[in-house]
């Protein structure tokens, strides 16, 4: 007996993440050049480590109130006030993914629709479905911009929210103020909530990213966190900020699911918010420039402005992004097929959150594969 009869139908439709498949494959390879994972390659800054260790040694290891430690919530509120002149309700979540789960369960009735841009983060469509909603995808290829008219055409009487992610995973794009303003106008016109996933907000290389907080603060639900900025991805620390009723119901869902975020990590994140990471941002800007320079001429892509990623079109000669990824793996380079993030299978994602010498070596191999494909297609 395998137990298959016990599995819910809604779960059967969810395949393993394309990223996780690559990660599992990497574990079986001998010293691959791994450009697949969106995980910082810098160490956690020492003050943040010491704060976590000190909290554990002071026996701050139990539950906190569901909403999170008052001191951390006050620090988050100060940050939002100083940065955006915004004073929303806030609470602490178990990562941005945890916050997204809570948000979708709190706002969606069966059959409600959530509009997402394609390409999208791997979990968006699945989490919307699990919460009883229906994802509606708006194709943003080839430039990955938020076209107001395209989003307007996707709105129906069942639309409840628009979910955006800037800087974007997988494209690395930072949406312009005009794009965000257009989405905000639609939200006001159609009485929609904007869920703004801003986990990479600190890792923006060409100026601060636009946010719907500026254009529609009363209908923006901000999801942000600490994992990518401070290399504490395993701590699962994030926060939500937005309309009082939504935050209240999200906290209610958290009470009966995650209960609360880990107390030592909450304490350490207060220190994190007062830790200067500008030098790390500068390092990643340089990595972005290194990757872009190494890939230009070999691949078609939009220059990323944030996060860790370059999202490239598979070169001519390959029937799909997956086919190119399979060839890259044969040449000891791990990247992720675009089909993990899109209804199309035309692209692949590179993560440049790796040591520079590995990044250069991997980009060189990928570019050589693209060159061979061009030669083969013209011969």
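Throughout, read-outs are computed from the coordinates displayed, never taken from laboratory work. Only a predicted model underlies this, so the values are computations on that prediction, with no experimental measurement involved. All Cβ positions, glycine included, derive from the backbone under ideal geometry; neighbour counts span all protein chains shown.
Computed values, structure above
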item	result
Segment residue 274-residue 290, length gained on full extension (0.36 nm per residue, minus Cα span)	2.8 nm
Sequence-separation-based contact order of the chain, relative, with Cα cut under 8 Å and 6+ spacing, percent	24
DSSP bridge orientation in the chain - percent antiparallel, rounded to nearest 5	45
Degrees, to the nearest 10: 95-107 long Cα axis against longest axis of the chain	60
Fraction of beta bridges assigned by DSSP in region 103-257 that are antiparallel (%, nearest 5)	15
Using alpha carbons only: equivalent-ellipsoid semi-axes of region 61-272, gyration tensor based, whole Å	26, 19, 16
Nearest 10 degrees, 0 to 90: helix 356-378 Cα axis against the chain principal axis	50
Euclidean distance of C-alpha centroids, region 80-142 and region 148-175, integer Å	10
Burial order of peptide ranges 360-373, 276-289, 168-181 (average beta-carbon count within 10 Å, highest first)	168-181, 360-373, 276-289
Estimated inter-spin distance, residue 85 and residue 65, nm [label 7 Å along Cα→Cβ]	3.0
Computed FRET value (nearest 0.05) for residue 150 with residue 244, which takes r as the C-beta separation and R₀ as 41 Å	0.80
Cα→Cβ-extended label distance, 7 Å offset, between residue 11 and residue 253, nm	1.9
Separation in nanometres of the label points that stand 7 Å from Cα toward Cβ, at residue 281 and residue 316	4.1
Separation between Cα centres of region 39-74 and region 178-222, rounded to whole Å	28
Sites residue 206 and residue 331, calculated FRET efficiency, Cβ-Cβ separation with R0 30 Å, nearest 0.05	0.40
Compactness of the chain, expressed as Rg and Dmax over alpha-carbon positions, Å	20.9, 70
On Cα atoms only, tilt of 321-330 relative to the major axis of the chain in degrees	70
Linear extension gain, residue 368 paired with residue 158, 0.36 nm per residue minus alpha-carbon span	70.8 nm
Region 1-119: relative contact order in percent, alpha carbon pairs under 8 Å with at least 6 residues between	13
